[in-house]
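Notes for the one structure printed next.
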């Protein structure tokens, strides 16, 4: 059975959900092999085993830098001779994947939202305006997968841990300082299964409290449009869009967002889209599964109350 390498995205050993999504998909393609870089392997190993990794190739180095990640992927590929390499479609994952592909002369596809057994990928291109199916024709495919594109399914295994010996001095970059922004109790917008986003229609930054209340009731992450972020209404790390974060949750609720192409490019692969806007001609309705034309200041509180009642 061909092996499929999966680059583990983690924070101090706590694997991110997208890692488990890629391991689940890798089982459909062959034998999943995890590539782990950095500290915290003992913490990560149980989750990787639970989600089907048959082996874990481990390397030292800083997993916040693409150099060590690229080196580990290259060393793992030498050992495993994989049929494909899966990385997350995050800035770091795509950087490491592109470096690996360039180093080996392989082809790479980014921002994949679906992948079949023949390694034919579905992508959203041109700012999300077009959906295409593509296949790598040169070398081993390097495939960058958008978070929340695949379901997570457990398949317990007993992975062997293989230490990778990386060449010294492969990357002179060093992290001199690392500041972690407070996330609060809500999930990260890039990985959340439900996202509630607010836009310029909220009229004032204080009105983001309506979005936060609905998000907390749904157990969702809070997002924001570029207009809201540029106005200083909400922190940039919550921005959804072509110049922010690309999300693909099970449910996306757009509150007071008109739906400019820049924003749609970052969320239109969401499984279900609900929009609340007073303008019946707002572009967001063109891609919405459900739309409410109305005053968000009346609709959102009622929606929050109804969700709370049904959860009680």
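The values are calculated or read from the model by the stated rules, or taken from the named source; none is laboratory data. Not measured: the values here are computed from a predicted model. Counting neighbours? That spans all protein chains shown, and the Cβs are built from the backbone with ideal geometry, glycine included.
Could you go through the stretch 222-242 and let me know if any residue there is closer than 30 Å to residue 70 by Cα, surrounded by fewer than 24 Cβ atoms within 10 Å (Cβ to Cβ) and at pLDDT below 85.
Checked the stretch 222-242: at least one residue is closer than 30 Å to residue 70 by Cα, surrounded by fewer than 24 Cβ atoms within 10 Å (Cβ to Cβ) and at pLDDT below 85.
Checking the condition within 21 Å of residue 25 (Cα to Cα), in contact with a strand residue (DSSP E or B) (Cβ under 8 Å, 6 or more places away or on another chain), outside any helix (DSSP H, G or I) and in the same structural domain as residue 136 (by TED's automatic domain parsing), which residue from 48, 119 passes?
After applying the criteria, what remains is 119.
Looking for something surrounded by fewer than 16 Cβ atoms within 10 Å (Cβ to Cβ) and either in a helix (DSSP H, G or I) or at negative phi (or both) - is there at least one such residue anywhere in the stretch 95-102?
Yes, there is a match, as at least one residue in the stretch 95-102 is surrounded by fewer than 16 Cβ atoms within 10 Å (Cβ to Cβ) and either in a helix (DSSP H, G or I) or at negative phi (or both).
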